[in-house]
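J.: Sharing a structure below in structure tokens format, with a few things to ask.
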Amino acid sequence: MTDTAATTATPEDTGPMLAADGTPLKRSLARALRAQKMRALALIAPLLIFVLLTFIAPIVDMLFRSVENQIVSDTLPRTTLALKDWDDSTGDLPGDDIFFAAYQDIFLAAEAKTHTRLGTRLNYEFTGVSSLFRKSGRGLDDIGEVYQDAFKDLDKDWDKGAPWVELMGSDDFVAEAQAWEKGDALPEFELRDGMADLLPLTAVAYEDFARFQRVEEEKSLLKEEPWTLVHTMLFRDLQAQDVSGYSGPRAEMLKAADALVDGGELPPLDVRTTFEKIDKDWMDVDVWETIKMYSPNYTNGYFLNAVDMQKTPDGPAWRDDDERIYGLLFKRTMFMSLVITFSCIALAYPVAFLLSNLPARTANLLMILVLLPFWTSLLVRTSAWKVMLQQQGVINDVLVWIGLVDDANRLVMINNQLGTIIAMTHILLPFMILPMYSVMSTIPQTYVRAAKSLGATNWTAFWRVYFPQSVPGIGAGSILVFILSIGYYITPEIVGGTTGTFISNRIAYHISSSLNWGLAAALGTILLAVVLILYWAYDKIVGIDNVKLGG
Amino acid sequence: MADGSNGDAFVAFERVQKSYDGETLVVKDLNLSMPKGEFLTMLGPSGSGKTTCLMMLAGFETATHGEIKLDGVSINNIPPHKRGIGMVFQNYALFPHMTVAENLAFPLEVRKLGKSEREAKVKRALDMVQMGAFGGRRPAQLSGGQQQRIALARALVFEPELVLMDEPLGALDKQLREHMQFEITNLAHSLGITTVYVTHDQTEALTMSDRVAVFNDGRIQQLDPPDVLYEEPKNSFVAQFIGENNTLEGVVQEIRGDTCVVKLDDGEVIDATPVNVTQVGERTKVSIRPERVEIDRSRLQPGAHTLKAEVLEFIYMGDIFRTRLRVAGNNDFVIKTRNAPDQVKLSPGTMIDIGWLPRDCRALDAT
Ligand SMILES: Nc1ncnc2c1ncn2[C@@H]1O[C@H](COP(=O)(O)OP(=O)(O)OP(=O)(O)O)[C@@H](O)[C@H]1O
Ligand SMILES: [Mg+2]
């Protein structure tokens with residue numbers, strides 16, 4: 001002990017404080033606290049997991065979706081790769097190699113039926129692409145049919161599954177495929193040695209075909225005639241390659257086909273023309289530009305869309321004035337949320353003030369009235385406003401009956417901003433009253449009394465002494481109401497008409513109708529960012545510790 | 001300084017009654033008048049109506065019946081902010097969102113004083129309570145005693161002629177409380193302010209006040225200077241409420257001018273001063289202060305009655321000895337003796353004789 005005392009006494013050599021058993025004090029303290037922390041963690045674990053799964057994860061997913069764009073490069077791997085080298089600034093169409101790559105990609109996608117999804121995706125960026133892809137999926141089959149028929153006429157075996165397997169597959173695979181019986185797992189295709197060099201394009205196409213049969217269709221290759229794509233590739237290979245050295249299975253059949261191709265009687269392969277025949281739009285440089293622009297795995301396109309901009313080859317640019325909607329919607333959402341918040345403050349303050357100054361029993365009774373709306377469904381309440389506010393509705397009827405309003409000029413109070421503001425103010429009012437009430441009921445009466453005893457009139461006592469102390473309640477209520485209303489959806493949908501809808505209605509539209517989830521996610525992300533920025537600004541201006549939800 | 005209406009009274013309650021619920025009277029027929037400059041304390045058990053009286057005076061409660069006058073003018077219909085009465089609340093009620101200086105400037109601002117005048121007065125008031133350096137702080141950054149001073153300064157800064165204080169020292173510890181008691185009385189007297197002070201604490205009441213009004217059950221039981229209150233309680237409630245007190249019950253046997261003889265319930269006979277007993281045969285409670293009981297026979301009047309007592313407990317308290325006795329069937333009879341060099345220490349079990357001067361033994365009502 002004296003040693004420790006001596007060491008701590010010298011300032012140059014201050015060793016760590018030791019606990020009674022000699023371990024450093026910090027460590028034994030940490031150990032003691034760890035058990036406590038673990039227990040605390042165990043208590044919040046269920047909620048934490050729940051929140052992570054149901055709240056954090058979807059938000060992260062949303063953030064991810066707003067930039068994610070792998071569908072293009074996943075569906076058109078060869079095309080996107082080839083387009084990298086295409087210089088779009090010249091205004092020339094891509095070369096034949098790119099058309100050829102697109103033929104392969106779209107053919108495969110059409111077999112897997114993913115081309116329509118890609119079409120839908122690209123249609124968000126360039127209207128018309130959707131139908132282009134749908135048509136092409138069907139039309140591209142025709143290219144290979146010429147060759148398929150020619151080979152078939154030469155030898156029927158070119159149109160059967162088994163001969164192809166014998167030609168393309170390794171001996172092991174052929175044996176496995178022949179031994180396969182229904183119910184067993186399908187054997188994995190294996191290319192014959194040397195085939196990748198002999199018929200490179202055919203090998204790739206056939207491998208794709210084999211994988212597709214095994215995974216998607218679950219059928220034996222022996223029974224399935226290959227896609228026309230494979231025949232096209234065979235034609236290309238035979239044009240370019242010399243197969244005379246081949247002596248494996250089906251060498252005769254292959255050599256005969258080679259002779260046919262070399263004979264020059266078959267029509268040459270012209271993918272570009274076929275594309276043009278399918279749809280003239282393929283000759284539009286903009287289509288290819290769009291595909292090239294959206295080739296990367298991640299894109300800012302959704303965000304640009306969400307702020308009324310678009311990607312162009314020269315970088316982001318504003319949309320035309322008549323195509324801009326989101327900026328307007330964001331502004332309107334902010335503005336109307338502010339109006340709703342202020343009308344809630346104006347209506348809730350006197351109520352909360354009254355409640356907090358009444359004896360507890362009466363206050364509780366009135367509180368039930370405040371909470372009453374919570375007992376009815378939101379839909380019912382909103383629909384009730386429809387009944388109240390419409391032109392043949394209760395309020396107009398009364399006004400006309402009193403004579404304030406002419407029967408011919410009934411007020412339009414629904415399906416516009418006014419309707420949304422009225423209905424939402426009513427619906428969100430309790431969220432303003434409750435925090436205000438809980439703050440106000442903690443303000444002792446003695447403050448106002450003290451102010452009056454010091455000579456303040458009722459108004460001065462209220463304004464200088466009571467009101468400043470109730471500000472935290474206003475703050476809490478305002479944040480609550482503003483954030484709730486910024487993301488509100490049902491009420492504006494029902495009573496908002498076209499001029500009273502919010503950004504969230506647009507998000508809902510993209511999620512459930514246009515299925516443009518990426519754009520919905522981008523809009524949602526912007527909304528989240530706006531709320532966080534406002535929250536931050538509020539903290540800077542008012543101070544978040546000035547917000548109280550109660551005592 | 002008599003009760004009831006008085007021509008030159010500064011504050012006067014005249015036949016004031018108050019009921020909150022229309023069923024029970026919280027204040028019953030209150031009559032009180034205070035001259036200018038007096039320091040008057042309202043003392044009484046919880047719920048006896050002290051705060052209610054104060055609130056009626058300040059204007060936060062209205063009297064159900066009767067009249068309250070300030071400087072000869074009825075103020076029943078004057079709103080609180082026009083009464084010009086300074087007030088110190090139990091929890092100080094310093095405005096938490098204003099600094100100390102702003103708190104003090106508030107009553108001056110609402111009186112539309114100019115800025116420089118305001119600042120001068122605030123500074124003077126802060127200096128008065130020795131808090132000159134704290135003007136920029138928030139109330140929450142002050143200790144209880146400091147808050148108390150600020151509350152006092154705020155109540156005085158606009159120079160009211162009447163200041164009301166409702167248990168202003170209740171939240172302070174004993175030492176600070178004693179210190180503040182001294183400061184408050186000093187200030188009140190040096191500024192010549194009339195003060196109504198409410199407290200639970202009888203020591204506080206006795207040490208600070210010019211007069212003390214003892215409240216019970218909505219009535220003033222006695223209104224007198226502290227020494228009179230302590231030595232000449234007018235009824236058994238006041239006798240028991242103020243200071244320590246021994247009570248013996250019995251029947252009046254004989255009244256002779258300013259002394260009487262009381263026969264206690266166990267048959268013994270003692271001398272007493274009749275206070276509010278009038279007839280022979282009436283039941284009475286006699287009260288004797290512990291420090292007025294004599295155990296030294298030689299100091300009693302010749303022929304005085306004495307009682308036998310058995311020592312039950314002896315407690316050494318430093319400056320005094322406190323001895324508990326069994327007297328006439330009462331096991332809680334306490335005497336206090338000064339710790340003097342010749343003082344005997346009584347050991348439990350000893351039998352002694354006790355007596356007192358008749359004027360120290362007061363025969364009061366039996367309730
Ligand atoms: N606002 C009120 N409404 C109804 N009854 C009240 C109200 N204020 C006080 N009372 C009742 O009036 C009686 C006197 O109350 P008051 O506050 O004057 O007592 P007090 O002497 O100040 O007590 P304490 O020493 O505890 O402060 C009590 O019985 C109390 O219950
Ligand atoms: Mg009180």
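J.: For region B:192-221, give me each residue that is more than 16 Å from ligand 1 (Cβ to nearest atom) and closer than 27 Å to residue B:359 by Cα.
T.: Scanning region B:192-221 gives B:206, B:207, B:208, B:209, B:210, B:211.
J.: Given the condition part of a loop (DSSP other than H, G, I, E, B), of a type outside the set (Gly, Ala, Ser), within 16 Å of ligand 1 (Cβ to nearest atom) and in contact (Cβ under 8 Å) with a residue 40 or more places away in the chain, answer yes or no: does some residue in region B:146-165 qualify?
T.: No: region B:146-165 contains no residue that is part of a loop (DSSP other than H, G, I, E, B), of a type outside the set (Gly, Ala, Ser), within 16 Å of ligand 1 (Cβ to nearest atom) and in contact (Cβ under 8 Å) with a residue 40 or more places away in the chain.
J.: Only residues that are charged (D, E, K, R), away from ligand 2 (no atom under 13 Å from the Cβ) and within 14 Å of chain A (Cβ to nearest Cβ): list them for region B:55-95, please.
T.: B:82, B:83
J.: Which of the residues that make up region B:4-28 are charged (D, E, K, R), loosely packed, with under 15 Cβ neighbours inside 10 Å and within 16 Å of ligand 1 (Cβ to nearest atom)?
T.: Scanning region B:4-28 gives B:21, B:23.
J.: With a cut-off of at least 1 residues that are under 23 Å from residue B:237 (Cβ atoms), name the strands (runs of 3 or more DSSP E) lying wholly within region B:276-348.
T.: Answer list for region B:276-348: B:283-288, B:320-327, B:330-338.
J.: Any residue in region B:47-71 that's free of Cβ contacts under 8 Å to residues at least 40 places away in the same chain and under 24 Å from residue B:202 (Cβ atoms): show its pairings with residues that are more than 13 Å from ligand 2 (Cβ to nearest atom) and open to solvent by less than 20 Å² (accessible area, probe 1.4 Å) at Cβ separation under 8 Å, as long as the two are six or more apart or on different chains.
T.: Between residues of region B:47-71 that are free of Cβ contacts under 8 Å to residues at least 40 places away in the same chain and under 24 Å from residue B:202 (Cβ atoms) and residues that are more than 13 Å from ligand 2 (Cβ to nearest atom) and open to solvent by less than 20 Å² (accessible area, probe 1.4 Å), the close pairs are B:52/B:18.
J.: With the condition kept exactly as written, say whether any residue in region B:67-85 is small (Gly, Ala, Ser), within 16 Å of ligand 1 (Cβ to nearest atom), out of contact with any Leu (no Cβ under 8 Å at 6 or more places or on another chain) and in the same structural domain as residue B:156 (by TED's automatic domain parsing).
T.: no
J.: With respect to the numbered conditions (1) more than 27 Å from residue A:75 (Cβ to Cβ); (2) open to solvent by 50 Å² or more (accessible area, probe 1.4 Å); (3) not charged (D, E, K, R), which one is the sole condition not fulfilled by residue A:151?
T.: Single failed check for residue A:151: (2).
J.: Still on this structure: Could you list, in sequence order, all residues of region A:282-311 that are outside any helix (DSSP H, G or I) and loosely packed, with under 13 Cβ neighbours inside 10 Å?
T.: A:298, the sole residue that qualifies.
J.: Kindly state which helices (runs of 4 or more DSSP H) lie completely within region A:200-269 and contain at least 2 residues that are open to solvent by 10 Å² or more (accessible area, probe 1.4 Å) and of a type in the set (A, V, I, L, M, F, W, C).
T.: Of the helices (runs of 4 or more DSSP H) lying wholly inside region A:200-269, those with at least 2 residues that are open to solvent by 10 Å² or more (accessible area, probe 1.4 Å) and of a type in the set (A, V, I, L, M, F, W, C) span A:200-212, A:251-262.
J.: Right, something else. If you check residue B:169 against the conditions, is it open to solvent by less than 10 Å² (accessible area, probe 1.4 Å) and assigned to a loop (DSSP other than H, G, I, E, B)?
T.: yes
J.: Now a separate question. Would a scan of region B:218-232 turn up a residue that is of a type in the set (D, E, K, R) and in contact with a Cys (Cβ under 7 Å, 6 or more places away or on another chain)?
T.: Scanning region B:218-232 turns up no residue that is of a type in the set (D, E, K, R) and in contact with a Cys (Cβ under 7 Å, 6 or more places away or on another chain).
J.: Here is a list of conditions, (1) open to solvent by 70 Å² or more (accessible area, probe 1.4 Å); (2) away from ligand 2 (no atom under 16 Å from the Cβ), and residue B:217 meets all of them except one; can you say which number that is?
T.: If we test residue B:217 against (1) open to solvent by 70 Å² or more (accessible area, probe 1.4 Å); (2) away from ligand 2 (no atom under 16 Å from the Cβ), just (2) comes out false.
J.: Could you grab the pairs with beta carbons closer than 7 Å, sequence gap of 6+ or different chains, first residue in region A:25-39 and without any contact (Cβ under 8 Å) to a residue 12 or more places away in the chain, second one surrounded by 10 or more Cβ atoms within 10 Å (Cβ to Cβ) and not charged (D, E, K, R)?
T.: What qualifies is A:25/A:16; A:25/A:17; A:25/A:18; A:25/A:19; A:26/A:16; A:28/A:19.
J.: Go through the residues of region B:46-54 one by one and say whether even a single one is more than 9 Å from ligand 1 (Cβ to nearest atom), away from chain A (no Cβ under 14 Å) and buried (at least 22 other Cβ atoms within 10 Å of the Cβ).
T.: No, the conditions are met nowhere in region B:46-54.
J.: So, residue A:340, is that one closer than 30 Å to residue A:470 by Cβ and β-branched (Val, Ile, Thr) or not?
T.: So residue A:340 passes the test.
J.: Output the helices (runs of 4 or more DSSP H) that fall wholly within region A:468-551 and possess 3 or more residues being under 21 Å from residue A:61 (Cα atoms) and open to solvent by 30 Å² or more (accessible area, probe 1.4 Å), or say none.
T.: Helices (runs of 4 or more DSSP H) meeting the threshold: A:503-512, A:517-541.
J.: Tally up the residues in region B:34-45 that are over 21 Å from residue B:185 (Cβ atoms) and surrounded by 16 or more Cβ atoms within 10 Å (Cβ to Cβ), please.
T.: Counting residues in region B:34-45 that are over 21 Å from residue B:185 (Cβ atoms) and surrounded by 16 or more Cβ atoms within 10 Å (Cβ to Cβ) gives 0.
J.: Which numbered condition trips up residue B:169, out of (1) over 26 Å from residue B:95 (Cβ atoms); (2) within 16 Å of ligand 2 (Cβ to nearest atom)?
T.: Tallying (1) over 26 Å from residue B:95 (Cβ atoms); (2) within 16 Å of ligand 2 (Cβ to nearest atom), residue B:169 fails exactly one: (1).
J.: Next question, about the same structure. Might you let me know whether region A:59-71 holds any residue that is acidic (Asp, Glu) and surrounded by fewer than 19 Cβ atoms within 10 Å (Cβ to Cβ)?
T.: There is at least one residue in region A:59-71 that is acidic (Asp, Glu) and surrounded by fewer than 19 Cβ atoms within 10 Å (Cβ to Cβ).
J.: Report the residue count in region B:89-98 for those that are more than 21 Å from residue B:55 (Cα to Cα) and open to solvent by 30 Å² or more (accessible area, probe 1.4 Å).
T.: Summing the residues that are more than 21 Å from residue B:55 (Cα to Cα) and open to solvent by 30 Å² or more (accessible area, probe 1.4 Å) in region B:89-98 gives 2.
J.: Which of the residues that make up region B:99-144 are assigned to a helix (DSSP H, G or I), open to solvent by 40 Å² or more (accessible area, probe 1.4 Å) and within 11 Å of chain A (Cβ to nearest Cβ)?
T.: B:102, B:109
J.: Which ones in region A:439-454 are facing chain B (nearest Cβ under 8 Å) and crowded, with 24+ Cβ neighbours inside 10 Å?
T.: A:450, A:451, A:452, A:453, A:454 - these are the residues of region A:439-454 that are facing chain B (nearest Cβ under 8 Å) and crowded, with 24+ Cβ neighbours inside 10 Å.
J.: In region A:540-548, is there at least one residue being farther than 30 Å from residue A:383 by Cβ and of a type in the set (Asp, Glu)?
T.: Looking for residues that are farther than 30 Å from residue A:383 by Cβ and of a type in the set (Asp, Glu), one finds at least one in region A:540-548, hence yes.
J.: Could you list, in sequence order, the residues of region A:1-34 that are at pLDDT 80 or above and open to solvent by 60 Å² or more (accessible area, probe 1.4 Å)?
T.: Answer for region A:1-34, where residues must be at pLDDT 80 or above and open to solvent by 60 Å² or more (accessible area, probe 1.4 Å): A:25, A:26, A:27, A:29, A:31, A:32, A:33, A:34.
The values are calculated or read from the model by the stated rules, or taken from the named source; none is laboratory data. On a predicted model such as this, the values are computed, not experimentally measured, just so you know. We place every Cβ from the backbone using ideal geometry, glycine too, and count neighbours over all the protein chains shown. Please note that ligands, DNA and RNA were not included when accessible areas were found on the heavy atoms of the full protein model with its side chains. Shrake-Rupley method; radii C 1.70, N 1.55, O 1.52, S 1.80 Å.
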